[in-house]
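Participant: Encoded as structure tokens, here's the structure I'll be asking about.
The values are calculated or read from the model by the stated rules, or taken from the named source; none is laboratory data. Remember, predicted model here, so these are calculated numbers, not experimental data. Here the Cβ is made from the backbone with ideal geometry for all residues, glycine too, and neighbour counts use every protein chain on show.
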Amino acid sequence: MGSSRIATIRVGDLAASHEVVAVTRHGGFLSAASRRLLDILRADFTKTRGTNTSRRNGVRRA
């Protein structure tokens, strides 16, 4: 699956959003595909929210 297959699309003047939460265990296994998906989501979060957020790249460190 190429990263170009996941995209945000615009539909007229529709303004919809939904928070995405990723729950992982510290030291837990993440496949290469799951790591890539999280990288894509973090990059999009950074673009839409800017860098002035309380959680860097959408990740809360415990």
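Participant: Which residue out of 55, 61 is surrounded by 10 or more Cβ atoms within 10 Å (Cβ to Cβ) and modelled with pLDDT under 70?
Facilitator: Sole residue among the options that is surrounded by 10 or more Cβ atoms within 10 Å (Cβ to Cβ) and modelled with pLDDT under 70: 55.
Participant: A further question on this structure: From 38, 30, grab the single residue that is modelled with pLDDT of 80 or more, surrounded by 12 or more Cβ atoms within 10 Å (Cβ to Cβ), of a type outside the set (Gly, Ala, Ser) and in a loop (DSSP other than H, G, I, E, B).
Facilitator: 30
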